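The next block holds one structure in the form of structure tokens; read it before the comments.
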Amino acid sequence: MTGTLLAPSDTTARTAHALPTAIVMFGASGDLARRELFPALINLFRQGRLPEQSLVIGVGRSPLDDETLRERIRGWLPSAESQWLGRIRYLRGGYDDPATYAGLATMLADHASQLPVPADRLYYLSTPAQAFEPVIGHLAAAGLNRAVAGGHTRIVIEKPFGQDETSAQRLDAVLHRAFDESQVYRIDHYLGKDAVQNILTLRFANAAFQPMWHRSWVDNVQITVSETVGVNDRGGFYETAGAARDMLQNHVLQLLALTMMEPPASLSSEAIRDEKVRLLEAVRLAGPAELDRLCVRGQYGPAPEGSTTPGYLQEPNVDPASRTETYAALRLEVDNPRWSGVPVYVRTGKCLPRRMAEVVLQLRRPQHLPFAFGHVLDDAPEALVLRIQPDPGLRLRFAAKRPGHQLSSQPAEMTFSYPAQTQAGVPQAYERLLHDALVGDPSLFVRSDEVRQSWRIVDPVVRSWAASSTPVPSYPAGSWGPVEADRLLTREGRRWHDDR
Ligand SMILES: NC(=O)c1ccc[n+]([C@@H]2O[C@H](COP(=O)([O-])OP(=O)(O)OC[C@H]3O[C@@H](n4cnc5c(N)ncnc54)[C@H](OP(=O)(O)O)[C@@H]3O)[C@@H](O)[C@H]2O)c1
């Protein structure tokens, strides 16, 4: 078998920091490959960031071959150049069929034999989770897990990283029988967003913000990751997940870790990940007696009159008696000297009024208010808002003098807009992460112990909801979730930031 290789680069802008790589994409016919992975690879190619003489091998059960996969990609991405498409091969086969891996070994050896230097291998598991274990096991059985002399072998794995702590540990055991942890790149695509990485810059590169990041300034922390859409045609998958597993365990807790971790000793990948793990270790959830009060779930019902949005129970492939939550809100605490006593409210959900991800540090009222100004901010306290999406940026809300004769105050805002993600030079999340995996930088990937700590936080909640016989509170599609989630804050004299 011969591989189709791209001629060496003709532009000096191309970077040569990684070896030629065989990128093996399991699940290449799927939604993620279409929407994110192939577009990211094309962008990397155009920027000269895809190592020279690399090859992309799509693997799957779909009845395709090299040409039909290329045609399919051309249909998905009309702008794909034939030069780039020439790098694509397809290997048809079952994920649990040893013949697939024998065929893959031949293609990889063939690719390597055409190169003057050793090749790296990057396996990308873009299949549903049930295929992860067979693929990993068969790669090892075929000896394809080992690094080829002089090159690297890495594996990128998509979430979900297990369904709970036990299954995550089982997946890790399977992974670690085949790969060293240093070869494993667990993707949480939120970490690839520039605005998320900007949290570190804001926190650690500015004298102004550093003292503010402390319980003496911060009254409470709020993290919201909301979606306007329902489950649409992903009901079958969502029934096995729910909001806590789908969003809280990964995106929300990653935002929390980056926002609240201690300054790392360096910006090395291990130093940053060590601090994230330490922070997650310090996160405290309510004890069993308080779980009901401090962990709120909800399920969207139909939108109010006049809208066609169905409720969750009416969605395709959803059990009409399902108790899967589409909304989750928790009150957490971080038990360390910096954050002790500061409540952390996190929430995520589907069919909410706005699609956004943001972190809010609500600040304490000044201890002494000589002009009785405080009341103007009582409903909307001073706050530092880190907006991840849409419109990434920063807002500082404060009180300013109301213009006029009176010495009275009104709320004011200072804003900073982060350059649009589409602006040249700002990589999309998958583009950034794929590139980092190609060059072997794991900083923005999730380490095994981070996954374990995240499940330690989320597991008791999911278990208690599964065991509970109380009905799942319903909220109308298009609202900000069940009223119980508001009570989480109002009974402590607080409100969700800006959501009404
Ligand atoms: N889509 C997203 O936006 C998104 C976001 C974050 C994470 N993820 C994760 O990324 C992975 C891929 O997502 P996706 O949306 O692309 O999945 P998908 O479209 O459902 O599946 C990808 C491919 O995997 C194969 N496949 C489907 N069902 C399978 C099964 N039961 N057993 C083995 N193979 C199966 C199919 O290829 P063949 O039939 O050709 O083998 C399919 O085209 C999943 O782990 C998902 O959780 C996806």
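Solvent-accessible area per residue in the chain equals 43 Å², computed with a 1.4 angstrom probe and all protein chains kept. Extending 7 Å from the Cα toward the beta-carbon at both GLU270 and GLN114 defines two label points whose distance is 3.8 nm.
To the nearest 0.05, how large is the calculated FRET efficiency for SER408 and ARG170 if R₀ is 51 Å and r is the Cβ-Cβ distance? E between SER408 and ARG170, to the nearest 0.05, is 0.25.
Which angle between 0 and 90 degrees, to the nearest 10, do you get for helix 98-113 versus the longest principal axis of the chain when only C-alpha atoms count? Helix 98-113 sits roughly 80 degrees off the main axis of the chain.
Only helical DSSP H runs with n ≥ 4 go in: add -39500 (n - 2.57) per run for the chain, normalise by residue count and round the 222 nm mean residue ellipticity to 500 deg cm²/dmol. For the chain, the value works out to -8500 deg cm²/dmol. Full extension of the chain segment joining HIS214 with ASP335 gains 42.3 nm, where the gain is 0.36 nm per residue of separation less the Cα-Cα distance. Close lysine pairs were tallied over the chain: pairs 8 or more places apart or on different chains with Cα atoms under 29 Å apart number 6.
When a 1.4 Å probe is rolled over the protein heavy atoms, the share of accessible surface on the chain that falls to carbon and sulfur comes to 53 percent. Between the listed residues THR470, PRO442, PRO482, the Cα displaced farthest toward the positive end of the dipole of region 432-487, a dipole computed from Cβ unit charges relative to the Cα centre, is found at THR470. With 0.36 nm allotted per residue and the present C-alpha distance subtracted, the ARG284-VAL426 stretch has 47.5 nm of extension available. Peptides 394-406, 155-167 ranked from most to least packed, by the mean per-residue count of other Cβ atoms within 10 Å: 155-167, 394-406.
For the chain, the relative contact order comes to 16 percent (Cα pairs under 8 Å, sequence separation of at least 6). Annotation note: GluC sites (Glu not before Pro) in region 208-298 located in DSSP loop regions with a Cβ neighbour count of at most 16 within 10 Å are absent. For the chain, the longest principal axis of the Cα atoms and the long axis of helix 132-141 meet at an angle of about 40 degrees.
By the Cα gyration tensor, region 20-151 has an equivalent ellipsoid whose semi-axes, rounded to whole angstrom, run 22, 19, 13 from largest to smallest. From most to least packed by mean Cβ count within 10 Å, the peptides 230-238, 199-207, 435-443 give 435-443, 230-238, 199-207.
As an exercise, use a Förster radius of 56 Å and the Cβ-Cβ distance of THR308 and SER443 to find the FRET efficiency, rounded to the nearest 0.05. Plugging the Cβ-Cβ distance into 1/(1 + (r/R0)^6) gives 0.80.
Here the scattering of the chain is modelled by Debye summation over its C-alpha atoms, one equal scatterer each and no solvent; at q = 0.11 Å⁻¹ the log10 of I(q)/I(0) is -0.99. Straightening the chain between GLN83 and ALA99 buys 2.8 nm, computed as 0.36 nm per residue apart minus the Cα-Cα spacing. Taking the Cα centre of the chain as origin and assigning +1 to Lys and Arg Cβ atoms and -1 to Asp and Glu Cβ atoms, the resulting dipole is close to 840 debye.
The values are calculated or read from the model by the stated rules, or taken from the named source; none is laboratory data. Computed from a prediction, not measured in an experiment: that's the story for all the values here. Positions of Cβ are generated from backbone atoms using ideal geometry, with glycine treated the same way; all protein chains shown enter the neighbour counts. Protein only, heavy atoms only, side chains kept; ligands, DNA and RNA dropped before computing areas. Shrake-Rupley method; radii C 1.70, N 1.55, O 1.52, S 1.80 Å.
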